[in-house]
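So the structure is just underneath, and the comments pick up after that.
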Amino acid sequence: MKIKFLIIVKASLAGFLLSLQMLLPAHAKAQDTLALYNEQVPNSKQGKLAPLPSKLSPGLIYRVIRPSLEIYLPNAGTANGTAVLICPGGSYKVLTYNGEGVATAKAFAQKGITAFVLKYRLPDDSLMMDKSIGPLQDAQQAIKLIRENAAKWNLNINKIGVAGFSAGGHLASTLATHYRQPVTPNANNTSLRPDFVILVYPVVSMQDSLTHADSRRNLLGNHPSAKLIDLYSNELQVDAHTPPTYLTHAGDDQLVDVDNSIVFYEKLRHLRVPVEMHLFPKGGHGFIFGMPDWTVPLFNWMKRGKWIN
């Protein structure tokens, strides 16, 4: 399945997305946008940029040079101290920013959760010296900034999680399993470990039998080594200290095999890491766009875990 098909599918949902966002409370608006890096972006270089598509779909971001966080605060008096870093998907080719990022941030803010939508760099040899670490650098930098500035947003530094969709789920699971190996400057030795993880129809593995081919190619290149494939197959990186995790997927997903979630769940379960998985029999890839109640079991899990009241 090619990325062109994914873009067409996402674009066809733009009208639904706009309607959904109109139904959300007016208070759920971005309060601020924070640049991830004050100075030069690490691992960056100047090169000849590839041309963007001639037709750009609304709600999608096709290139990121200066990564940032868009901040969504709960209504005054409703914040519970929990924060979530949101990683939109898009095969590491685009960011499904409005649908998986902004709309999700608004839903979290309604529950008293401070939400940060990550506009991370998409792997690009013309912009990065090593494209395989670019997105992870931005995710690690983001959680570092959130934790170091927790007092500013009245956050509990032990209740800062990450949520990721599709390829953004791969990024979120990479953050959750590679936090001991910083790829971003961390002079204060701030913990880069998320306190909880939410993975929605995620790409987890880079192995031939499981991976989403476009996501792997965009992140690791056309001919990655077996060592690199194993490194970014996050089911192989799980240990007993991997954060508590919530997984959700549709059994009929034809783009990202549901076995990505199942294998990750099994690895966590056998290591006695708290994990819950909710599988929908139907819904395909991107089911959140047509299933507004997908968050019900998620928020129930967050209540049981005392991440929210």
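Quick note: the coordinates plus some simple rules give every number you see, no bench work behind them. Note that the structure is a prediction, hence the values are computed from the model and not measured. As a convention, Cβ positions derive from the backbone with ideal geometry for all residues, glycine included, and neighbour counts pool all protein chains shown.
Would you compute, from DSSP H runs of 4+ residues alone, the mean residue ellipticity of the chain at 222 nm, taking -39500 (n - 2.57) per run and dividing by the full residue count, rounded to the nearest 500? Please report the intermediate quantities before stating the final value.
Values: 9 runs with 90 residues, N = 309.
Counting only the DSSP helices, I get -8500 deg cm²/dmol.
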Full-stretch length increase - Lys45, Gln181 - with 0.36 nm per residue and alpha-carbon distance subtracted: 46.7 nm
Positive-pole candidate from Leu95, Gln254, Leu210, dipole of the chain, charges at beta carbon: Leu95
Stretchable slack from Ala151 to Lys306, in nm (0.36 nm times residue separation minus alpha-carbon distance): 53.8 nm
Overall Cα dimensions of the stretch 98-174, principal axis frame, Å, largest first: 39, 27, 18
Exposure proxy ranking, count of Cβ atoms within 10 Å, fewest first, for Leu268, Leu145: Leu145, Leu268
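Take Ile198, Ile262 and order them by how many other Cβ atoms sit within 10 Å, fewest up front.
Ordered by Cβ neighbours within 10 Å, fewest first: Ile262, Ile198.
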For the stretch 137-278, with +1 on Lys and Arg beta carbons and -1 on Asp and Glu, the positive-most of Leu231, Leu271, Leu155 along the dipole: Leu155
Choice from Arg272, Arg216, Arg121 with maximal GNM fluctuation in the chain (Cα, 10 Å cutoff): Arg272
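Would you mind checking Lys45/Lys227; Lys227/Lys303; Lys159/Lys227; Lys106/Lys282; Lys106/Lys303; Lys93/Lys282 for any pair whose Cα atoms are more than 28 angstrom apart? Display every interim value, and only then the final one.
Values: Lys45/Lys227 25 Å; Lys227/Lys303 39 Å; Lys159/Lys227 33 Å; Lys106/Lys282 25 Å; Lys106/Lys303 18 Å; Lys93/Lys282 26 Å.
Where the Cα-Cα span goes over 28 Å, the pairs concerned are Lys227/Lys303; Lys159/Lys227.
Just how large is the dipole of the chain about the Cα centre, in debye to the nearest 20, putting +1 at every Lys and Arg Cβ and -1 at every Asp and Glu Cβ? Mind showing how you got there, number by number?
Values: 31 positive and 22 negative charges, 102 e Å.
Using Cβ point charges on Lys, Arg, Asp and Glu, the chain gives about 500 debye.
State to the nearest 20 debye the size of the charge dipole of the stretch 56-166 about its Cα centre, where the only charges are +1 on K and R beta carbons and -1 on D and E beta carbons. Display every interim value, and only then the final one.
On the way: 12 positive and 7 negative charges, 43 e Å.
Roughly 200 debye, rounded to the nearest 20.
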Contour excess over end-to-end distance, with Cα ends at Gln254 and Met291 and 0.36 nm allotted per residue: 11.6 nm
Spin-label pair Met129/Leu34, simplified geometry with 7 Å Cα→Cβ offset, distance in nm: 2.7 nm
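Using a 10 Å cut-off around each Cβ, can you sort Ile113, Ile61 from fewest to most neighbouring Cβ atoms? Write out the running numbers ahead of the final one.
Numbers: Ile113 27, Ile61 17.
By the 10 Å Cβ count, ascending: Ile61, Ile113.
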